[in-house]
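The values are calculated or read from the model by the stated rules, or taken from the named source; none is laboratory data. Please read these numbers as outputs of a predicted model, since none were measured by experiment. Glycine gets a Cβ as well: all are built from the backbone with ideal geometry, and neighbour counts include every protein chain shown.
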Amino acid sequence: MLEVEATGKNLEQAIANALFELKAPREDVDIKILDEGGFFRKAKVRVSISPDEVEKYQNREKKREEIEKLDDTALENNKEEISSEEDIVEEKIVQTTSTKDLEEEVSTETVEKVEEKVEKPKKLKKEDTRSELERAKQFLEGLLNKLSLTAKIEFKEENDAIYAEIKDYSDMIGYRGEGLNALQYLCTVYVSKNDRHAKPIRLDCEGYRKRRESSLIALAHRMARKVQRTHSSVKLEPMTPQERRIIHMALADNEEIETFSKGEEPHRYLIIRERKEQSE
């Protein structure tokens with residue numbers, strides 16, 4: 001293995017993960033940055049053994065294969081040579097930091113320092129007189145302020161929910177809305193603490209929810225036509241309960257098609273099939 005792609009919470013961790021896979025020190029490799037990462041997005045790099053070091057690593061791999069093929073007698077006779085080879089490999093591994101090691105360092109060293117500097121959020125008291133809208137504003141605006149983001153948030157309260165839309169910062173959405181969904185969940189938990197009947201939070205960013213809904217409806221009809229044409233079921237990718245409901249509703253009036261969910265959250269997915277399959 002002379003080249004790997006790896007991801008991490010930042011560039012340094014991504015590079016460390018790649019070096020660990022290659023079992024090579026940093027001075028023996030070339031590094032290409034594929035993605036610097038960002039908010040709710042991991043950094044990604046491609047790390048390859050430098051051309052002038054390739055022969056050394058090819059010989060190392062060849063030697064390892066030869067060692068693995070030795071029987072017990074040969075292993076004993078070549079004990080000193082094998083021990084020397086293992087020392088070399090061990091040296092390479094020691095020079096690299098694995099993802100697990102990085103996480104342990106963060107948990108044991110960094111967290112304590114952060115806890116000393118960051119003021120812990122005050123727990124909501126039962127006698128808290130702030131409205132649900134005020135609590136949602138405090139949480140979301142306070143979070144953006146802590147992250148030093150200049151994005152704006154527009155709020156609107158209706159009978160069924162509190163609607164909030166983030167403006168001028170599309171990176172908050174994340175892959176397939178994962179970042180947006182996570183932030184919506186955290187805000188809902190904060191607002192509903194000590195209030196079981198609090199209104200749900202509906203968080204959007206740059207009109208993403210509406211675009212996603214239109215895309216899912218189009219996908220539903222396209223897959224339904226495919227099922228009718230091929231007479232074969234179609235399995236969709238895992239979706240959130242809200243997204244699966246959009247698919248269900250889009251095909252509810254199609255008498256030749258039925259939809260149902262399978263799997264466990266968060267990997268629950270939809271299947272679209274012809275109704276006649278149910279009776280077969």
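In this structure, is Ala14 in a helix (DSSP H, G or I), surrounded by 14 or more Cβ atoms within 10 Å (Cβ to Cβ), of a type in the set (A, V, I, L, M) and under 18 Å from the mean Cα position of the chain (by Cα)?
In short, yes.
If a residue has to be at pLDDT 85 or above and part of a helix (DSSP H, G or I) to count, how many in the stretch 112-163 make the cut?
Here the count works out to 15.
Filtering the stretch 32-46 down to residues that are on the phi < 0 side of the Ramachandran plot, surrounded by 15 or more Cβ atoms within 10 Å (Cβ to Cβ) and not basic (Lys, Arg), which residue is modelled with the highest pLDDT?
Among those that are on the phi < 0 side of the Ramachandran plot, surrounded by 15 or more Cβ atoms within 10 Å (Cβ to Cβ) and not basic (Lys, Arg), it is Val45.
Considering only the stretch 245-280, how many residues are in contact with a helix residue (DSSP H, G or I) (Cβ under 9 Å, 6 or more places away or on another chain) and either of a type in the set (A, V, I, L, M, F, W, C) or assigned to a helix (DSSP H, G or I) (or both)?
10
With the requirement that a residue be among the acidic types (Asp, Glu), under 27 Å from Ile173 (Cα atoms) and in contact (Cβ under 8 Å) with a residue 40 or more places away in the chain, what does the stretch 1-39 give you?
Answer for the stretch 1-39, where residues must be among the acidic types (Asp, Glu), under 27 Å from Ile173 (Cα atoms) and in contact (Cβ under 8 Å) with a residue 40 or more places away in the chain: just Glu5.
Taking the condition of a type outside the set (D, E, K, R) and either outside any helix (DSSP H, G or I) or more than 30 Å from Lys42 (Cα to Cα) (or both), does Leu203 pass?
For Leu203, the condition - of a type outside the set (D, E, K, R) and either outside any helix (DSSP H, G or I) or more than 30 Å from Lys42 (Cα to Cα) (or both) - is met.
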